[in-house]
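First the structure, in the form of structure tokens, and then the observations on it.
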Amino acid sequence: MRTSVKISGGLAELFGTLDENLKLLERTLKVSTQLDDGQITIEGEDADVLRTRQLVEEYNELVSSGIHLEAADIGVFLRILAEDPGATLKGLAEAGRPRSLGKKSIAPKSLNQRLYLDAIRRHDMVFGIGPSGTGKTYLAVAMAVDALLTKAVSRIILARPAVEAGERLGFLPGTIQDKVDPYLRPLYDALFDVLDPERVERLIDHGAIEIAPIAFMRGRTLNDAFVILDEAQNTTSEQMKMFLTRLGFNSKAVVTGDVTQVDLPNGRRSGLAEAVNVIAKVPGISFVYFSERDVVRHQLVQRIIRAYEEFEQNRAAQNGRKNP
């Protein structure tokens, strides 16, 4: 099949330095192209040509609507499009645009963060798995706030296992909320970073935002809500199954965690690690995996995470040699 499309946007941004994006487009979408007087001719298999044509048309549409894309952004998008047949340039650009949420503008800072935001936008249930500092919880909270402010949902529910509490909760002073608040503090921190604390408190008072231990989810059906389960590696198998079956109509669920940081007592299996194996192939659920390359904290954090990963790999290799 052969077709031609007029390019209304900037050629330099679309094709990149020394046509690197054009070469990437040809390689990833399996087409050949030819440029003549601002018009690109595409040739290849029907499905590949149609997808490439759609990409160029979406690029024209984005440019005409005032959205400026850098050549580097388009290169990142092309790589995502190659890995995800369901992704579109328009969808990726929308997921990657800065979002003004209260006092802050939020934008992804890595390829996996872009994939994560796009997955949250397109799926009702998303797992974000990887080390701390990669923005898993922060970006999920930002998307939840965006959904609440745009009235896509009527409430946000943030849950976290209070693993360290156990039976000792009864010996802490105050109400049950006072007792569990120390374990939920990271969720408050994320909210306060996106919205003014006074506004967060008002939304909590009105029931539009709820922050609670995962145990409080039992027996509920969560309709018209954006639900986030943080530190999911510290859920038990029973807790994870219970949480995943709470989702109601017009709701989204984001589950975040790091399977290498399990704090469950007595060697109990992590509900998150089990869920990865049990529901990985269930249609409608997206898994996004982060690595130390996605860490957006101090650069030393990346190096520390990498050092621990190497240490664990070496220890596993040594144990393997001892126990053939």
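Structure values in brief
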| read-out | value |
| --- | --- |
| Accessible surface of the range 217-297 [probe 1.4 Å, protein heavy atoms]: carbon and sulfur percent | 50 |
| Relative intensity, log₁₀ I(q)/I(0), of the range 236-282 from a Debye sum that treats every alpha carbon as a point, q = 0.21, 0.29, 0.32 Å⁻¹ | -0.79, -1.24, -1.35 |
| Other-chain or far-sequence residues with amide H under 5 Å of Met125's (modelled H) | Ala253, Ser286 |
| Karplus-derived HN-Hα couplings along the range 203-212 (A = 6.51, B = -1.76, C = 1.60, θ = phi - 60°), whole Hz, x at Gly and Pro | 5, 5, 4, 8, x, 6, 10, 10, 10, 7 |
| Highest-first arrangement of 235-241, 219-225, 27-33, where packing means the average Cβ count within 10 Å | 235-241, 27-33, 219-225 |
| Residues whose placed amide H lies under 5 Å from that of Leu158, excluding near-sequence neighbours | Glu210, Ile211, Ala212, Ile228 |
| ³J(HN,Hα), Karplus 6.51/-1.76/1.60, whole Hz, each residue of the range 217-228, x for Gly, Pro | 7, 4, x, 9, 10, 9, 9, 6, 9, 10, 10, 10 |
| Mean separation of Cα contacts under 8 Å, 6 or more apart, over the residue count of the range 188-291: relative contact order % | 25 |
| Highest to lowest packing among 145-152, 126-133, 184-191, 280-287, scored as the average C-beta count within 10 Å | 126-133, 184-191, 145-152, 280-287 |
| Pairs from Lys6/Lys109; Lys30/Lys136; Lys6/Lys30 whose Cα-Cα separation, in the structure shown, is over 26 Å | Lys6/Lys109; Lys30/Lys136 |
| Distant-in-sequence amide H partners of Gly130 (H built 1.01 Å from N, under 5 Å) | Gly257, Asp258, Val259, Phe290 |
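The values are calculated or read from the model by the stated rules, or taken from the named source; none is laboratory data. Treat the numbers as computed from the prediction; the structure is a model and nothing was measured. FYI the Cβ positions are ideal-geometry reconstructions off the backbone, even for glycines, and counts take in every protein chain you see. The protein model used for the area step is the full one, side chains on, heavy atoms only, and it has no ligands, DNA or RNA in it. Shrake-Rupley method; radii C 1.70, N 1.55, O 1.52, S 1.80 Å.
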